[in-house]
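Let me begin by presenting the structure, written as structure tokens, before commenting on it.
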Amino acid sequence: MLSVRPRVTDLVFQLYGRVLHPELFEIHASRSIERGGYTATVAITSAGHLVSWRKDGLILTEVAAAASQPLPQKRRLFSYRLLGERSDRMQCRGGACYQMCFQLETVAPELFWTFQQELCTDGGRHGLLHKFESGSRMALGAVSWMSIETKAKSLHVQAFHTFPDDLAIVKSQTLFELP
């Protein structure tokens, strides 16, 4: 199956207070986590990523997806176009806290290809890694890599998604934290 990523200008970063059905996404790599009373699923999708975190009935789902992807409006807590830099924080019931930041960076071709090669080389050793097929004149396709750090009271997810046609890199960090 050809897995080509949408253009970086078409992406949104969203947070939901609910589960999003996995059928809504083309998932290329995933990992399930159980630790310290919380559970989580972290996945690389065709457009970016999906992180679903649960603790005692509280559900938070973060998604980086194409703006044109049909996702529900119900219980969407925020939605930001993936442009420039952005950070946000949300205090949840029971004292749980969600924090995120993302950055879209366009870089010189040499820096882009060096960064992408390092992701491919080092990313395969730990975390989740997916290499996409080339969808254009570029010899190499996009790459997604996610690092997952679990502790008894927190989950830290760092993601890097490359977009060769735009020479762009999306970087995000998310922290789900218990009191």
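Every read-out reported here was derived from the displayed coordinates using simple, explicitly stated rules and does not represent laboratory data. Everything numeric in this text was worked out from a predicted model, so none of it was measured. Virtual Cβ from ideal backbone geometry, glycine too; neighbours counted across all protein chains shown.
Quantify how much of the Cα-Cα distance distribution of the range 8-177 extends past 28 Å, in percent.
19
Within the shell of other residues whose beta carbon sits under 14 angstrom from the beta carbon of Ile148, the net charge comes to +1, with Lys and Arg scored +1 and Asp and Glu -1. In terms of Cα to Cα distance under 17 Å, which lysines are near enough to Lys153, apart from those fewer than 8 places away along the same chain? Cα-Cα hits under 17 Å: Lys55. If you take all other residues with their beta carbon under 13 Å from the beta carbon of Ala43, and give Lys and Arg +1 and Asp and Glu -1, the sum is -2. Separation of the range 101-158 and the range 1-79, taken as the distance between their Cα centroids, equals 17 angstrom. Helix 109-123 and the long axis of the chain differ in direction by around 50°, with both axes built from C-alpha atoms.
Straight-line cross-link reach from Lys131 at under 19 Å between alpha-carbon atoms covers these lysines, not counting any fewer than eight positions away in the same chain: Lys171.
Loop-resident trypsin sites (Lys or Arg not before Pro) (DSSP state other than H, G, I, E or B) in the range 147-179 with no more than 16 further Cβ atoms inside 10 Å of their Cβ: Lys153.
What does the extension gain come out to for Arg76 and Thr39, with contour length at 0.36 nm per residue minus their alpha carbon separation?
Gain on extension, Arg76 to Thr39, equals 11.3 nm.
Applying the criteria of a DSSP loop state and at most 15 other Cβ atoms within 10 Å to the GluC sites (Glu not before Pro) of the range 1-87 yields Glu26.
Between beta-carbons, use under 11 Å as the cut-off and find the net charge around Ala96, counting Lys and Arg +1, Asp and Glu -1. My count for the surroundings of Ala96 gives +2.
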